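K.L.:
Can you keep this structure in mind? I'll have questions shortly.
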């Protein structure tokens, strides 16, 4: 009897179907997988690959068709800057001072940020849908209000909103896409109203603080005017005749200039105080609606053809990859690699379908 060459790493299937490792059994040569082998494997399973991909695509298309079509409600608004700016010369310093003293401005970015505030979204979520005994958050989450945690109101509503800023025209568009057209319309209209209310409240709060500051400034300016006037009167009483080239004349001019400056400051303070009082009581809108929500909303397209084709291609690629991975696993398993055999032996010990799944995957 001639000796038999033995090498390490060949698998053996026991009587009970479990993988056993025998280090003294000859390992079959491992097959090399190249482009031709891959093409052959795919060609052998092309019918199954295309059939399963077509079945998955058909199921996806059926699910898309069964899903209710969404309606998009959108409104385009333009911010209104109603803060009064100071009359400062057109220069770099004047521009900087003007921007610092103009107060809150309803810029498109600022309006878009207001629409994402938790307080604004929470107020919108608690609004009632017109014509229904239902709040907006109940319609969005399809649950009673008592079963919804309050901290979820802004998060869930923010998922349904989309804000677009057109920097060239300075407009802002709010949109909501839902299967319930009335609910989408209610969300957008309530959001515009909430943003306007929040901005107006902030403007009035700022104006109220500005009134207090300007009132203190007026009192200080009035005191300065009285002091400057008293100094001019005292100088005139003490000096009846003043020569135009004497030091007393220079002092008289200085006192008169101080009085003039104090009077100008007082006049400016009075003007700004009245402006602040006007802003505190005015109710100018922060947003002007340019394109309101239409009465009949246009349904959004489902994109059924694109979704079907994309699903078919992706499913075919995934199934083909699975077939190639399975063939590679069978190849490695047949080579009797020690680590691979240990892995499969561990997988066989998994409960329920471990052994059957391993045997099916490697065709044992």
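Nothing in this text is a laboratory measurement; each read-out follows from the coordinates by a stated rule. What you see is a predicted model, and the numbers here were worked out from it, not measured in a lab. When we count neighbours, we look across all protein chains shown, and the Cβ atoms used for this are built from the backbone with ideal geometry, even at glycine.
K.L.:
With no solvent and one point on each alpha carbon, what is the Debye value of log10 I(q)/I(0) for the range 190-235 at q = 0.17, 0.20 Å⁻¹?
P.N.:
-0.63, -0.71
K.L.:
Evaluated at 37 °C with a viscosity of 0.692 mPa s, what Stokes-Einstein diffusion coefficient in µm²/s does the range 199-342 have when Rh comes from the Kirkwood expression over alpha-carbon pairs?
P.N.:
Estimated via Stokes-Einstein, D reaches 134 µm²/s.
K.L.:
Given the C-alpha atoms of the range 122-208, compute the convex hull and give its volume per residue in Å³.
P.N.:
Roughly 125 Å³ of hull volume per residue.
K.L.:
In µm²/s, what is D for the range 296-364 at 25 °C and 0.890 mPa s, where D = kT/(6 pi eta Rh) by Stokes-Einstein and Rh is the Kirkwood radius from Cα pairs?
P.N.:
163 µm²/s
K.L.:
List 246, 237 from most exposed to least, where exposure is judged by having the fewest other Cβ atoms within 10 Å.
P.N.:
Arranged by neighbour count, lowest to highest, 246, 237 become 237, 246.
K.L.:
Given Cα pairs under 8 Å that are at least 6 residues apart, what percent is the relative contact order of the range 213-322?
P.N.:
34 percent
K.L.:
Using a 10 Å cut-off around each Cβ, can you sort 141, 155, 203 from fewest to most neighbouring Cβ atoms?
P.N.:
Going from least to most buried by this count: 155, 141, 203.
K.L.:
Follow-up. Using the number of other C-beta atoms within 10 angstrom as an exposure proxy, rank 344, 110 with the fewest first.
P.N.:
Ranked by crowding around the Cβ, least crowded first: 110, 344.
K.L.:
Would you report the distance distribution of C-alpha pairs in the range 220-282 as whole percents per 10 angstrom bin, up to the bin with the largest distance?
P.N.:
It works out to 22, 35, 23, 13, 6, 1, in whole percents.
K.L.:
So, one more: Could you state the per residue volume, in Å³, of the convex hull enclosing the Cα atoms of the range 104-147?
P.N.:
Each residue corresponds to 92 Å³ of Cα convex hull volume.
K.L.:
Using only alpha-carbon positions, what ratio does the radius of gyration of the range 128-179 give when scaled by 2.2 N^0.38 Å?
P.N.:
Normalised Cα radius of gyration, the range 128-179: 1.42.
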